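These notes are about the structure you will find just below.
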Amino acid sequence: MSLDGGKVRLRTLLGQPCQWRDYKGVNLHQCSLSAFYKDNDSLVSWLNQQPLAQPLVCLGDEHDGIWNLFEQLAHPSERLEVLDWYHLMENLAKVGGSQERLEAVEACLWQGHVDAAVRWLR
């Protein structure tokens, strides 16, 4: 499952400024999509009514609002939480150090070698 927030532009009458609205959208197992406008309770309720995979793979960005919603779905032992690649690389850049080390860590992560990436970071 992937979950993210976004903005949608509402068109208005000619001469009036556009209006922007925040929403949260969910892609559930690539077979069901839904979006909720300022209604996290309905989003969680809808998700909890769906047949969920075990483990439930939760893909999100680094925003707390997303992870707080994931926490309301399955027990932590039944969730596999994954930070999306863009935000993972953004945070890796903040770690600092030599470019060689950062590239080695990125290569390890890209290949799924998390333990090797952690060793590079130590």
**Request:** With just the Cα atoms of the stretch 1-83, tell me how far they stretch along each of the three principal axes, in Å, largest first.
**Result:** 53, 24, 21
**Asked** So for W46, W110, fewest C-beta neighbours within 10 Å to most, what's the order?
**Response** W110, W46
**Request:** Taking the Cα centre of the stretch 1-83 as origin, sum charge times position over the Cβ atoms of Lys and Arg (+1) and Asp and Glu (-1), and report the length of that vector in debye to the nearest 20.
**Result:** 500 debye
**Message:** If I take every Cα pair under 8 Å that is 6 or more residues apart in the chain, average their sequence separation and divide by the length, what percent do I get for the relative contact order?
**Reply:** 17 percent
**Item:** Over the chain: helical MRE at 222 nm, DSSP H runs n ≥ 4 each giving -39500 (n - 2.57), nearest 500
**Value:** -11000 deg cm²/dmol
**Asked** Quick one: Cα centre-to-centre distance for the stretch 34-75 and the stretch 1-33, in angstrom?
**Response** 16 Å
**Item:** Amide H within-cut-off set for E71, under 5 Å, with H built and near neighbours excluded
**Value:** none
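Rule-based calculations on the coordinates, nothing more; no lab input. This is a predicted model, so every value here is computed, not measured. Using ideal geometry, Cβ is built from the backbone for each residue, glycine included, and neighbour counts are taken over all protein chains shown.
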